[in-house]
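What follows is a set of notes on a single structure, which appears directly below.
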Amino acid sequence: MNSAGDETEVRKRLQLVELLSVLASSPDAEALTAVIVEAGGLPEKAVRDAAHIPLATVHGVE
């Protein structure tokens, strides 16, 4: 294990993360990310953070 903290708690967190799905990017998600950044919704340095909203939207995550 390459995580810091209480070993039991680390195992619990890693088990939870294994259940998560990875959302693939798409041209639509990338375009929406650009719109958010260009509109000033988030600063350009936060483009990775700005991508969460379009990825969730494109994949229908509620």
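Quick check: pseudo-label points 7 Å beyond the Cα along Cα→Cβ at Glu38 and His52, how many nm apart are they?
Here the modelled spin labels are 2.4 nm apart.
Mind checking the full-extension length gain between Ala31 and Thr8? Use 0.36 nm per residue of separation minus the Cα-Cα distance, one decimal, nm.
Using 0.36 nm per residue and subtracting the Cα-Cα distance, I get 4.2 nm.
What does the charge count around Val47 come to, taking other residues whose C-beta lies under 15 Å from its C-beta (Lys +1, Arg +1, Asp -1, Glu -1)? Let's see the in-between values first.
On the way: positive: Lys45, Arg48; negative: Glu30, Glu38, Glu44, Asp49.
Around Val47, the charge tally is -2.
If one takes the longest principal axis of the Cα atoms in the chain, at what angle in degrees, from 0 to 90 and to the nearest 10, does the Cα axis of helix 7-18 lie?
Approximately 40 degrees, to the nearest 10.
Compare Leu16, Leu42, Leu32 in a GNM of the chain, Cα atoms joined below 10 Å, and give the one with the largest fluctuation.
Its mean-square fluctuation being the largest, the pick is Leu16.
For the chain, what is the mean residue ellipticity at 222 nm derived from helices alone (per DSSP H run of n ≥ 4: -39500 (n - 2.57); sum divided by total residues; nearest 500 deg cm²/dmol)?
Value at 222 nm, helices only: -15500 deg cm²/dmol.
Based only on Cα atoms, what Rg/Rh ratio does segment 12-51 have, Rh being taken as Kirkwood's radius?
1.17
Read the figures in this text as sums done on the coordinates, not as results from a lab. These numbers were taken from a predicted model, which means no experiment stands behind them. Backbone-built Cβ (ideal geometry, glycine too); neighbour counts: all protein chains shown.
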